[in-house]
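Below are the structure tokens for one structure; questions will follow.
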Amino acid sequence: QVQLVESGGGLVQPGRSLRLSCVASRIPFAIYAMDWYRQAPGEQREQVATITSGGSTNYADSVKGRFTISRDNAKNTVTLQMNSLKLEDTAVYYCHARRGIMEYWGQGTQVTVSS
């Protein structure tokens, strides 16, 4: 079955960086739009960043200028580079693939920003 496997989460101090990766299998990755979402405790899941199949990107206002989404179609991988991390970036981060009515979710990776 389709799998989206995230990695790269962890504990980091404010102001530092983390790089999340998501590897997709069993989908034609290049034609899927890919997103990163996050969900903090007690909060709704929110869309953080998007990259289309054509490479166009979009970001939530809260992460613009700090986060960068990219994709490598040869490796079926989407990456989220997170710089200048803040306490409020603490959440479980999820990888999401979508095309038309088809969508898939990863299992999530925890990012904790704490001093």
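Please give the net charge around Gly15, taking every other residue with its beta carbon less than 12 angstrom from that of Gly15, where Lys and Arg add +1 and Asp and Glu add -1.
Numbers: positive: Arg16, Arg66, Lys86; negative: Asp89.
It works out to a net charge of +2.
Each residue of the stretch 35-43 in order: what ³J(HN,Hα) in whole Hz does its phi give by Karplus 6.51 cos²θ - 1.76 cosθ + 1.60, θ = phi - 60°, with x for Gly and Pro?
Listing the rounded values in order: 10, 10, 10, 9, 9, 8, x, x, 10 Hz.
Based on the alpha carbon coordinates of the chain, what radius of gyration and maximum Cα-Cα distance (Dmax) apply, in Å?
Considering the chain through its Cα atoms, Rg and Dmax are 13.3, 42 Å.
If you don't mind, there's one more thing I want to ask. Determine which residues of the stretch 48-74 fall in the zone a paramagnetic label at Trp105 would reach in this model, i.e. backbone nitrogen under 15 Å from the point 7 Å along Cα→Cβ.
48
Tell me, what % of the accessible area of the chain is carbon and sulfur with a 1.4 angstrom probe? Let's see the in-between values first.
Numbers: 2850 of 6130 Å².
Using a 1.4 Å probe with all protein chains present, the chain comes out at 46 percent carbon and sulfur.
Next question, about the same structure. For Thr112 and Asn58, calculate 0.36 nm times their separation in residues minus their Cα-Cα distance, and state this gained length in nm to one decimal. Intermediate values should be presented prior to the final figure.
On the way: separation 54, 0.36 × 54 = 19.44 nm, distance 2.32 nm.
Computed gain between Thr112 and Asn58 is 17.1 nm.
Just the Cα atoms of the stretch 58-115, one point each, no solvent: what log10 I(q)/I(0) does Debye give at q = 0.17, 0.27, 0.30 Å⁻¹?
Log-scaled intensity ratios, in q order: -0.69, -1.30, -1.34.
State the extension gain, in nm to one decimal, for the chain segment bounded by Ser84 and Ser25, taking 0.36 nm per residue of separation less the distance between their alpha-carbons.
18.2 nm
At most 16 other Cβ atoms within 10 Å and a DSSP loop assignment: could you name the trypsin sites (Lys or Arg not before Pro) in the stretch 26-63 that fit?
Values: sites: Arg26, Arg38, Arg45; in loops: Arg26, Arg45.
Counting only loop positions with at most 16 other Cβ atoms within 10 Å, the trypsin sites (Lys or Arg not before Pro) in the stretch 26-63 are Arg26, Arg45.
What dipole magnitude, in Debye to the nearest 20, does the chain give about its Cα centre under +1 on Lys/Arg Cβ and -1 on Asp/Glu Cβ? Walk me through the numbers before you get to the answer.
Details: 12 positive and 9 negative charges, 54 e Å.
It comes to approximately 260 debye.
When the Karplus curve 6.51 cos²θ - 1.76 cosθ + 1.60 is applied with θ = phi - 60°, which whole-Hz ³J(HN,Hα) does each residue of the stretch 70-86 get, with x for Gly and Pro?
Per residue, the Karplus-derived 3J(HN,Hα) values read 8, 9, 10, 5, 5, 10, 6, 10, 10, 10, 10, 8, 10, 10, 6, 5, 10 Hz.
Can you give the net charge of the other residues whose Cβ lies under 11 Å from the Cβ of Asp89, counting K and R as +1 and D and E as -1? Please report the intermediate quantities before stating the final value.
Working: positive: Arg16, Arg38, Arg66, Lys86; negative: Glu88.
In short, +3.
Now, a different point. Find how much the distance from Glu46 to Ser17 grows on full extension, using 0.36 nm per residue of separation minus their present alpha carbon separation; answer in nm with one decimal.
Numbers: separation 29, 0.36 × 29 = 10.44 nm, distance 2.02 nm.
Gain on extension, Glu46 to Ser17, equals 8.4 nm.
Give me the 1.4 Å probe accessible area per residue for the chain, excluding ligands and nucleic acids, in Å². All intermediate terms of the calculation are to be shown ahead of the outcome.
Values: 6130 Å² over 115 residues.
Per-residue accessible area for the chain comes out at 53 Å².
The values are calculated or read from the model by the stated rules, or taken from the named source; none is laboratory data. Owing to the predicted nature of the structure, the values given are computational and were not obtained by experimental measurement. For neighbour counting, all protein chains shown are included, and Cβ atoms are generated from backbone atoms with ideal geometry for every residue, glycine included. These area figures cover heavy atoms from the full protein model, side chains too; ligands, DNA and RNA do not enter into them. Shrake-Rupley method; radii C 1.70, N 1.55, O 1.52, S 1.80 Å.
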